[in-house]
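The values are calculated or read from the model by the stated rules, or taken from the named source; none is laboratory data. Keep in mind that this is a model prediction, so the values were computed, not measured. Cβ sites come from the backbone with ideal geometry, for glycine too, and all protein chains shown count toward neighbours.
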Amino acid sequence: MGKRIGLLGGTFDPVHIGHLRSALEVADALGLDELRLIPNARPPHRDTPQVSALDRLAMVECAVAGISPLVVDDRELKRDKPSYTIDTLEQTRAELAADDQLFLLLGWDAFCGLPTWHRWEELLQHCHILVLQRPDADSEPPDALRNLLAARSVSDPLALTGPNGNIAFVWQTPLAVSATQIRQLLASGKSVRFLVPDAVLAYIDAHGLYRASN
């Protein structure tokens, strides 16, 4: 039986309890051996992060320290080009055993945007995709994804077999927390206690991140 490895990318600007709780729930539900949080350096589909890559990496490291099976993977920050998920999947797959299962975690909005991703048709050659589906996500996937879903969908994420190739939905009730909200609170001098882990809050305070003067 191979390992079960999950990948969750994001700008993590900053990492917050919504990211972490979601990650932990999926890791527990699927019995993942490891769930790697991957900070993006220059995400092609997002605005430039507000703080440096090193600060965002440090905050994620603070957040997951000692919390198994969550770990940090900094490979995208070491690249000198935009963070393409296909590159990360190819690299990661090359490091794993043939029977290891690799799971890419995507929110519903990101999943619906897949047809705009670099070499998106190749993603399932390297991983299974887990779509973190919220009960309130009632939008329809784009036409380009409908055939893929029809061919590759598995109704029970625990029934995913083999190292790659399928899509499953994981239902979650998300915490109503956003990085945008946290940045706005900090910029206006308000507290973000209990929205981010204490270690992340201590890092933000120590380095004066997201303050109006930045």
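Quick notes on this structure:
- Helices (runs of 4 or more DSSP H) within region 117-214 that include 1 or more residues within 28 Å of LYS3 (Cα to Cα): 143-152
- Single match in GLU90, GLU121 (criterion: in contact with a His (Cβ under 8 Å, 6 or more places away or on another chain) and of a type in the set (Asp, Glu)): GLU90
- Residue list for region 41-77, filter: part of a loop (DSSP other than H, G, I, E, B), without any contact (Cβ under 8 Å) to a residue 60 or more places away in the chain and touching a strand residue (DSSP E or B) at 6+ places or on another chain (Cβ under 6 Å): PRO69
- For region 39-48, a residue qualifies if it is surrounded by fewer than 21 Cβ atoms within 10 Å (Cβ to Cβ) and closer than 21 Å to LEU175 by Cβ, and exactly one does: ARG46.
- Test: residue in region 54-74 that is under 23 Å from VAL131 (Cβ atoms) and either basic (Lys, Arg) or surrounded by fewer than 15 Cβ atoms within 10 Å (Cβ to Cβ) (or both): no
- Some residue of region 21-34 being touching a strand residue (DSSP E or B) at 6+ places or on another chain (Cβ under 6 Å) and in a loop (DSSP other than H, G, I, E, B): yes
- The single condition among (1) without any contact (Cβ under 8 Å) to a residue 24 or more places away in the chain; (2) among the hydroxyl-bearing types (Ser, Thr, Tyr); (3) at positive phi that SER191 does not meet is (3).
- Pairs are defined by a Cβ separation below 7 Å, a sequence spacing of at least 6 or placement on different chains, a first member in region 1-14 that is surrounded by 21 or more Cβ atoms within 10 Å (Cβ to Cβ), and a second member that is among the small types (Gly, Ala, Ser); the pairs so defined are GLY6/ALA27; LEU8/ALA23; ASP13/ALA179; PRO14/ALA179.
- Condition check for LEU7: in contact with a His (Cβ under 9 Å, 6 or more places away or on another chain), modelled with pLDDT of 95 or more and either in a strand (DSSP E or B) or among the polar types (S, T, N, Q) (or both): no
- Residue in region 59-78 that is closer than 28 Å to SER139 by Cα and touching a helix residue (DSSP H, G or I) at 6+ places or on another chain (Cβ under 7 Å) present: no
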